[in-house]
1. Only one residue in Leu182, Leu93, Leu89, Leu168 is assigned by TED's automatic domain parsing to the domain that holds Glu227, assigned to a strand (DSSP E or B) and closer than 30 Å to Gln387 by Cα. Which one?
2. For segment 207-246, what are the residues that are farther than 17 Å from Ile383 by Cα and assigned to a loop (DSSP other than H, G, I, E, B)?
3. Could you count how many residues in segment 96-125 are of a type in the set (Ser, Thr, Tyr) and in a helix (DSSP H, G or I)?
4. Do we find that Val140 is of a type in the set (Val, Ile, Thr), in contact (Cβ under 8 Å) with a residue 60 or more places away in the chain, under 28 Å from Ile471 (Cα atoms) and within 16 Å of ligand 1 (Cβ to nearest atom) in this structure?
5. Suppose the filter is surrounded by fewer than 18 Cβ atoms within 10 Å (Cβ to Cβ) and either in the same structural domain as Tyr386 (by TED's automatic domain parsing) or out of contact with any Cys (no Cβ under 7 Å at 6 or more places or on another chain) (or both); does Glu218 pass it?
6. Within segment 143-165, can you find the residues that are touching a residue at least 40 places away in the same chain (Cβ under 8 Å), assigned to a helix (DSSP H, G or I) and away from ligand 1 (no atom under 16 Å from the Cβ)?
7. Find the residue count for segment 359-373, including only residues that are buried (at least 19 other Cβ atoms within 10 Å of the Cβ) and either in the same structural domain as Gly171 (by TED's automatic domain parsing) or touching a strand residue (DSSP E or B) at 6+ places or on another chain (Cβ under 9 Å) (or both).
8. Cβ-Cβ distance below 6 Å, separation of 6 or more or different chains: which pairs start in segment 324-353 with a residue that is closer than 14 Å to Ser409 by Cα and assigned to a loop (DSSP other than H, G, I, E, B) and end on one that is at pLDDT below 90 and not polar (S, T, N, Q)?
Amino acid sequence: MGEVIPIRKKPINVAQALDKMTTKKRITLYKPHAGQLKIHKSKARFRVVACGRRYGKTLFACNEIVKYALEHKTAECGWVAPTYRQSKLAYRLIRRALKDVITYKSDSELRLEFENGSSITFFSSDNYDAIRGNGFHFLVLDECADINEKAWNEVLRPALSDKRGKALMIGTPKGRNFFFRLFARGADPGFPDWAAFNAPSSDNPYMPEGEIETAKREMPEDTYQQEYMAVFLEESAGVFKGIDKCIRGDLEEDYQPITGHDYIAGWDVAKFQDYSVVTVLDCHTRELVAWKRFNQIDYKVQVEIVADIAEKFKSTVYMDSTGVGSPVAELLKAAGSGRGFQVEEYLFTNASKKVLVEKLQIAIQYGTIWLKNIEVLINELRIYEYQISPSRNLIYGAPKGAHDDAATSLMLANYGMSQPRGALMWSVEEYVQEELGRAQEKPKEDKNPRPVMEIEKLEMEEEWKEEGVWIEL
Ligand SMILES: Nc1ncnc2c1ncn2[C@@H]1O[C@H](COP(=O)(O)OP(=O)(O)OP(=O)(O)O)[C@@H](O)[C@H]1O
Ligand SMILES: [Mg+2]
């Protein structure tokens, strides 16, 4: 049987077909807001853009890199973000917006090539060795405050030399780190190739109403200053501030409980590769009196170690009951019968973890807890960080690759200490909470995601204009 050839019922419209073949493709970029427009118009080779959260930095840079790639033939462009995941967001945004002019795309290499021979490749700076050997005409560094300084010095800056490439570094301040130094160079008239821009989130007219006021109410003042006002604070708005003034001496080996004092223990159970840490606090002196870290994964052994400590201090043990935590808590409860200690389970969610973190944050900031000079613990507290999720919630944790078991164990014990036993303890906590005037946060969903990039046909403009720009290919 031969092929069935369909009979074309409609005559071909030759004029229309020809038109289709000869019509150039027009890519319309977004309409920048006034602040974005000012940065687009800068001719500096290196632009450092330090703006508040949700200012429109990523959208701005996506449009800028696309404009560069499409207006220059065979341009090599690169997009670098701290992690592969962040880079992939920009990749997806641009892939979707430019589907009509993409000639090659690779979701694994994160590379897009266009009809004019230009390309954009997306990288992560945590794997900056993979960028070595590339040369770029145009480079974007997104979330630049989290980009490894070595990545810039050793790989990215040299990659711009051959082609005298341009760079756009965008981000929100994170203390006076590498990004601040780039920003300072941009602001220094002694570097005419450089320019710096600084603006708060409120300059984005597309920011949903009430968003900034809500953020201000819900986060510590310096976090707000850093994240929304885009201020380069002397000390980065890390999570725990004033740690040093809470450290009192070294941990005493085999500390003996004092009769009449209550003790609370916090236990972060080891799961997989991490450590089990148990911390004991004296509720009367609010002092850390015992601390043990071990990576024995056999749960029965872990339970015995903790049960011995809890028995010695006759303490209530607060522990994470998520996942494997719950059966382990049952084991500990069973081990505790007749030994004079109790077990309280604490279910970890983003919201409940935030409560733990903020209680410890307040205790450390107001000096209502005494810690010991325990290197692992103090270091974990210092590097503990937060991220702001797309729906503007604070998400707490250790930086990638670091541990937070000691910090979590302390948080659990500190939380336990704040639970009503003595009226005075409770009222101190309440008072401090009230002083800060912060309501407990409920996680919110981003109900109105905004358009990311528009493509439509418009009039030709070469320069960036408020009403948008289109590129003809
Ligand atoms: N010119 C614009 N037109 C329309 N919407 C815009 C414009 N600029 C920014 N937005 C919107 O503002 C929001 C934030 O944009 P974007 O994600 O680019 O900000 P950001 O500064 O990179 O934020 P983050 O600090 O969270 O990384 C998005 O919803 C985006 O669509
Ligand atoms: Mg962004």
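1. Leu168
2. Met207, Pro208, Glu209, Gly210, Met219, Pro220, Tyr228, Met229, Ala230, Val231, Phe232
3. Residues in segment 96-125 being of a type in the set (Ser, Thr, Tyr) and in a helix (DSSP H, G or I): 1 in total.
4. When the stated conditions are applied, Val140 passes them.
5. On the way: surrounded by fewer than 18 Cβ atoms within 10 Å (Cβ to Cβ): no; either in the same structural domain as Tyr386 (by TED's automatic domain parsing) or out of contact with any Cys (no Cβ under 7 Å at 6 or more places or on another chain) (or both): yes.
So Glu218 fails the test.
6. Across segment 143-165, the qualifying residues are Ala151, Leu156, Ala159.
7. The qualifying residues number 4.
8. Note: no pairs meet the criteria.
The values are calculated or read from the model by the stated rules, or taken from the named source; none is laboratory data. On a predicted model such as this, the values are computed, not experimentally measured, just so you know. In this analysis, Cβ positions are derived from the backbone assuming ideal geometry, glycine residues included, and neighbour counts consider all displayed protein chains.
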